[in-house]
Amino acid sequence: MQEIATKAPRALKPIKPLEILHEGVTNTLELVMGAIPDHELPIFKSFLKALKSSLEDIIAKARQGISLIGTHFAFPSELFYAFDCAPLCFEAISYLPSALFTEGAEPFYDLANSYGHPYHTCSAQKGVIGMALKDKFFDVDAIAVPTAPCDNTMASYSFFSEVKKVPTVVADMPTYHDKRGYNYFATELKNMVKKLGSILGQEPNFESMRKAVGHSSKAIEYLAEINDLRAAVPCPTESMLNPLGSCAQNFFAGRPEKENFYRDVRDVAKERVRKHEGPPDVNEKIRAFFPYMSIFFDVGMCEWMDRELGMVNVSDLFNYFFFDPIPPTASVDEMFDGLARQSMEYPMTRQSEGFVDYFLEDTVFLAKKFKADCAIFSTHIGCKQSVSVVQMIREVLRDELGIPMLAIELDIGDKRMTSAEVIKKKMEEFSKTLL
Ligand code: SF4
């Protein structure tokens, strides 16, 4: 990587959340590999291995003084591989402790709340705000984000630029998802790369970016295959693929771990469909589609749904891509065009940033594709725009497909708003109305 300016030696950035996550993931992986039979939870094991290896790479880079770039889940991280840096998805860093640790990310939400960040904002960013408020705990060299998909994103990231004074580059995402809009956003991404280059003191290397795009493109192909396989009855994948996949898509973006994880999932799903089997010990009675997010603060709830309730989460908004992979022969301009389109059509951004028609049409398409018997809408306190369409989603599913929907008010990442026990009770009662 060619440097365009001589940088003064600088202090290493504190990365405590990554070190804590790495320790937790290492212990969990050892436990899972040692205590769970080989044929059980292969997807969870593959996810933990990919997460451990990604964290080790990021931590090693940070300790060598390589720049850390904070970014948003719906932004194409592949772009950052044009530089010698380590991208970090902030939303995944908030939600990984929620999913993997008993204590969750709640102490960090509390720090953000006590600082004055409104309690009802999205916990996706609030966790990282709390981490950044702790002394010598977490910091990055720069941030690059889009103006999407929500006011929460914009208002929360300004904490880092205005209060923490982290150099922040913002790419303006247009409302219209058409050719003109995609072209405009591709130009925004090119400008962002230029600005980031001058912040980091580096020239972009588009061949490194191509390599990253290649890993993600393979993952997109595997995910398309997985989704066709998941339409089978019984569903060949555990419910927990949904929260794990939501993290894998952005935390592993541009990395070999993304390609490897989705290949493993595809292989598991293909073999089970070939044998007309679901996951071991799962007796599928009800297929539930989650029109919004799956619940992140308790991955164990997915196991409860599968094994105790016989209600399988066949998919959610995050685990289906409405875009194509970028071909390996794409020119640099074509890579930018492809990444602009992928970012604008990324799950949640596609449905939340534009007009509601996408959300309604995608919900009906996906519930039908996955042969859902019902839907469960996670009414996330932070997400004002999605909460405003719950009734419309309920009506469109009833009118178009004749299936009922349960809406549960909660915070996706904070178990104190609606506890796992209360959620389970609601699902249990709902399931009785379906059988
Ligand atoms: S869940 Fe809603 S509020 Fe949170 S990042 Fe997504 S769109 Fe924004």
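In the range 321-350, the residue that is surrounded by the fewest Cβ atoms within 10 Å (Cβ to Cβ) out of those that are within 16 Å of the ligand (Cβ to nearest atom) and of a type in the set (S, T, Y) is T349.
With the structure loaded, tell me whether K45 is without any contact (Cβ under 8 Å) to a residue 24 or more places away in the chain, under 20 Å from A248 (Cβ atoms) and away from the ligand (no atom under 16 Å from the Cβ) or whether it fails that test. Spelling it out, K45 is indeed without any contact (Cβ under 8 Å) to a residue 24 or more places away in the chain, under 20 Å from A248 (Cβ atoms) and away from the ligand (no atom under 16 Å from the Cβ).
In the range 89-146, how many residues are touching a Gly at 6+ places or on another chain (Cβ under 6 Å), of a type in the set (A, V, I, L, M) and not in a helix (DSSP H, G or I)? The total comes to 3.
When residues in the range 148-176 are screened for being outside any strand (DSSP E or B), within 16 Å of the ligand (Cβ to nearest atom) and crowded, with 16+ Cβ neighbours inside 10 Å, 10 of them pass. Going through Q385, Q391 one at a time, which residue ends up being farther than 25 Å from L229 by Cα and either among the aromatic types (F, W, Y) or within 11 Å of the ligand (Cβ to nearest atom) (or both)? It is Q385.
Would you confirm, using the coordinates I've provided, whether N191 is farther than 23 Å from L68 by Cβ, assigned by TED's automatic domain parsing to the domain that holds I69 and at pLDDT 95 or above? Considered against the rule, which asks whether it is farther than 23 Å from L68 by Cβ, assigned by TED's automatic domain parsing to the domain that holds I69 and at pLDDT 95 or above, N191 comes out as no. Taking the criterion of being under 30 Å from M405 (Cα atoms), in a helix (DSSP H, G or I) and of a type in the set (D, E), the residues of the range 293-348 that qualify are E303, D306, E308. Kindly evaluate D264 against the criterion of being at pLDDT below 95 and either in contact with a strand residue (DSSP E or B) (Cβ under 7 Å, 6 or more places away or on another chain) or not polar (S, T, N, Q) (or both). So D264 fails the test. Scanning the range 130-143 turns up one or more residues that are within 16 Å of the ligand (Cβ to nearest atom), surrounded by 23 or more Cβ atoms within 10 Å (Cβ to Cβ), without any contact (Cβ under 8 Å) to a residue 60 or more places away in the chain and under 21 Å from D298 (Cβ atoms).
Only residues that are crowded, with 24+ Cβ neighbours inside 10 Å and either in a helix (DSSP H, G or I) or of a type in the set (A, V, I, L, M, F, W, C) (or both) were counted across the range 232-241, and they come to 2.
The values are calculated or read from the model by the stated rules, or taken from the named source; none is laboratory data. Predicted model only: the values in this text are computed from it and were never measured. Here the Cβ is made from the backbone with ideal geometry for all residues, glycine too, and neighbour counts use every protein chain on show.
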